[in-house]
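Since the structure comes first, as C-alpha cells, the remarks are kept for the end.
The values are calculated or read from the model by the stated rules, or taken from the named source; none is laboratory data. Note that the structure is predicted; figures quoted are calculated from it, not measured. With ideal geometry, Cβ positions are generated from the backbone for all residues, glycine too; neighbour counts draw on all protein chains shown. Calculation scope for accessible area: heavy atoms of the full protein, side chains included, ligands and nucleic acids excluded. Shrake-Rupley method; radii C 1.70, N 1.55, O 1.52, S 1.80 Å.
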Amino acid sequence: MRRTVLAAMLTVAVGAGLTAVAGTASAAAGCRVTYTVSSQWQGGFGADVKIDNLGDPLTGWTLTWSFASGQSITQLWNGSVTQSGTQVAVTNASYNGSLATGASASFGFNGTWTTANPVPASFALNGVTCTGSTAPTTSPTTSPTTAPTTGPTTAPTTAPPTSGPSTFTNPVVWQDFADGDIIRVGDVYYYSASTMHYSPGAPVLRSYDLVNWEYAGHSVPRLDFDSAAYDLSGGRAYVKGIWASAFNYRPSNSTYYWLGCTEFNRTYVYSSTSAGSGWSKKAKLNTCYYDAGLLFDNDTPYVAYGNGTISVAQLSTDLTSQVRSQTVYTTPSSIGTLEGSRMYKRGNYYYIWLTRPANGQYVLRSTSPWGPYEQRQVLLNLPGPISGGGVPHQGGLVQTQNGEWYYMAFTDAYPGGRMPTMAPISWSSDGWPVLQTVNGRWGSSYPRPNLPWHPLTPMTGTDNFTGGSLGPQYEWNHNPDTSKFSVGNGLKLSTATVTNDLYNARNTLTRRIQGPSSTATVELDYSAMANGDRAGLAMLRDQSAWIGIRKDNGTTRVSMTNGLTMSTSGWTTTGTGSEAAGAAVSGGKIWLRVNANIQPGSGRTATFSYSTNGSTFTALGPAFTLNSDWQFFMGYRFGIFNYATSALGGAVTVNQFGVS
C-alpha cells in the first residue's frame, strides 16, 4: 500500500533523496527512497518507506539499511523483513515486487527504540547503494523493453491486495470504545473515545483500512481537571471525567486537537503535533461544550454542542477562548433529546450529526454554521449487528481518500460496554446522507472499504512489561500515584492506599476485555507483600469480583472475593466484598486467570482459576454474574491491583499479563 508524503503531516517526515542501482546488469538502474516516521511514542514508532524505481523494470526487490541507534522492527506490512542486529533487509510481497520504470512500491512497519530514533543514513536496493540518479552499466543480453508480465507494473494504490478479505464484520472492534469521533489524515484514520474516570484518557486508535485497528496513544495523558477526586484524594470521580468529546486535525499547523467538557461546567483543550504522543493541555474554558463536535472551516474553529438545545460556538484561532455562540436548533418534543454532536462541511452545506440516545440518529443541514438548519432522520430503532445488543448510534462520519463515506457508530453491548460498529454512507441527489442497510437492519457484514489491506498488531496479546513505559492498551482507575509503580523488569506495584475498599485503592491498572469472550492471565510474584495486603486480578465495574492473594499474619492464601458493589446514586461503595472461596498457597509466585463472557445480555458470567506452576489451573469460587445495566456507561475491564489494609510498604510484581 502507499503511505507517502501525506504522512509527513503526522509527525516527522524525512525524504531520503537517494537512488540505488538494481541487482541485474541493465542499461540503467536507480531508485529514490522516502523514509517517513509516521508516529512516535515512548519506546515505539511507526514508519513508512516508499521506493521509486527510476531505472529499468524490476521483477523483485530487496531494500537494506542499518539502524544507527539499535532500533528494532516488530511488525511489517507489504513485505517481509529480516533483521540481524542493526542490519535490516525488506523483501517485496507477492503483489508489489514488479516495478516498471517510474513506478513505486511502499511498505510500513512498527518498531521499538530506546535512546534515540534517527533516520537511517543510506539505503541500498538489491545490493547497490542509492546515489540520487540513474547509473548506466553493461547492457544485458536481452533488453527488457516492456514491463514484466508476472506481476503488477505499479504498486497497488487503491485496490486491496488479494490477501485481504472482501468483507468486514461488525463490530469492527469488539472492545469498549464509546462516543467515538473519527477522522482521516492523509491515508491514516484515527478514532477517539471517551473514558470517564480512567487515566490516561481519550484513547486514540489508528487504522489504515478502517477495519484493522491498533492502539496509538491518548489525548489526555493525565486527568488534570482541577479536582483532587481524579487522584482518589478526598473524593472519587467515577462516571465523571471524559464523556463524549471532540477530536480533529488542523492542516494549517499540522496539529491535532482534543476538546471535552467535564462535569457539565468546564471544557479543556489538549493539542499535539502527533496523534499518538506529545499531548498537553492548551486551555481551560469556563463553558461546557457538552458532547461537542469540532470543525475547522477555512481554519476557523467551530464547535457544535448541547443536549436538546443545539448550539454552535466559534472559538478563537488558538482555541483558547470563545468568539461567538448561539443556539441553532431546538429539538422538537416529537423527537425527544438530541446530543452527541459532530460537525462537518460538505460542499456548500454544514452538517450537524446528532444522536437520539440510545436508538436514533439525526442530521441537521444549513448553508451557514449559524443556521437556520433543516433536519432529517438517519435511523430510528434499527436492528443492530450484535446479537442481544442495542441500536447503533452516535459516533461520526469519515470520507476515505477514494471518496467513499462511512459511519462509525457504537452499539450498546453490556456487560462489555459500547462497541465500534461501521456501515457505508451514500448521499442522496439533494445532499443528505443515507445509511446503507442490509435486509432492513445494520449489516453484520459489508463489503470492505476500497483501501489497501493493512493488518496491525492485535489488540490482545501478552505483555512482559520489559519496556520503559506502559503501552497505550493500559489505563489506570483514576490517576495513578506514579511513585508507586515501575516497569522494565515486570510491572512492580507498591501499595499506594490503605483501605479495605478496592474502589478507593489507587493504582489499579486496567485493560479492556475482548469480546465476545476472552481470558486474562497474570503471573504474579507476591513474595514482597506485607501483612494486610490484597493483590490480584479483578473483573472491575460497579459490581466487581476478584481472584488474588491475601496476606495476613505471615500466611498467604489465594482468594476469590465477590460482593464488591457501588450505588448508582453518587457511585458510593455499598459493599467491599467477602471471600467466596480460598486456599492456602506458598512459594511467592502464582498465576491468576479470569475467563469472561461479555456477550450482550443478562446472566453472563466470569470464572476464576489459579495455578502454582503456570500450566495446571484450578477453578476457585462460584461463577460471577456480570452486571449488564448501562448506568455505569463503561463496560467491565480486567484490573490488576495491590492495596494495603494495614500499612504501606508491600509490593508485588506482575511478570506477565496476557489477554487471549
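Observations, loosely collected:
- So Tyr344, is it of a type in the set (Phe, Trp, Tyr), touching a residue at least 40 places away in the same chain (Cβ under 8 Å) and under 22 Å from Tyr289 (Cα atoms): yes
- The residue that is farthest from Gly390 (Cα to Cα), counting only those in the range 164-185 that are small (Gly, Ala, Ser) and open to solvent by less than 10 Å² (accessible area, probe 1.4 Å), is Gly180.
- When the range 217-239 is filtered for residues that are small (Gly, Ala, Ser) and either surrounded by fewer than 23 Cβ atoms within 10 Å (Cβ to Cβ) or over 21 Å from the mean Cα position of the chain (by Cα) (or both), the ones remaining, listed by number, are Ser227, Ala228, Ala229, Ser233, Gly234, Gly235, Ala237.
- Output for the range 532-546, where each listed residue is farther than 18 Å from Arg604 by Cα and in a strand (DSSP E or B): Asp533, Arg534, Ala535, Gly536, Leu537
- Filtered residue count, the range 261-295, keeping only those that are part of a loop (DSSP other than H, G, I, E, B), among the hydrophobic types (A, V, I, L, M, F, W, C) and under 14 Å from Asp226 (Cα atoms): 1
- Of all the residues in the range 433-455, those that are open to solvent by 10 Å² or more (accessible area, probe 1.4 Å) and not in a strand (DSSP E or B) number 9.
- Taken over the range 605-648, the residue count meeting the criterion of being surrounded by fewer than 24 Cβ atoms within 10 Å (Cβ to Cβ), among the polar types (S, T, N, Q) and under 33 Å from the mean Cα position of the chain (by Cα) is 9.
The rows are residues; the columns are (1) under 30 Å from Glu263 (Cα atoms); (2) of a type in the set (S, T, N, Q); (3) in contact with a Ser or Thr (Cβ under 9 Å, 6 or more places away or on another chain).
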| position | (1), (2), (3) |
| --- | --- |
| Leu540 | yes, no, yes |
| Gly554 | no, no, no |
| Thr574 | yes, yes, yes |
| Val585 | no, no, yes |
| Tyr610 | no, no, yes |
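- Some residue of the range 576-599 being free of Cβ contacts under 8 Å to residues at least 60 places away in the same chain, under 29 Å from Trp174 (Cβ atoms) and not aliphatic (A, V, I, L, M): no
- One residue stands out in the range 502-544 among those that are more than 19 Å from Gly554 (Cβ to Cβ) and among the acidic types (Asp, Glu): the one that is most open to solvent (accessible area, probe 1.4 Å), namely Glu523.
- Note on the range 80-110: among residues that are in contact (Cβ under 8 Å) with a residue 24 or more places away in the chain and touching a Ser or Thr at 6+ places or on another chain (Cβ under 6 Å), the one that is nearest to Pro57 (Cα to Cα) is Ala100.
- Residue that is nearest to Phe633 (Cα to Cα), among those in the range 349-380 that are of a type in the set (S, T, N, Q) and not in a loop (DSSP other than H, G, I, E, B): Thr355
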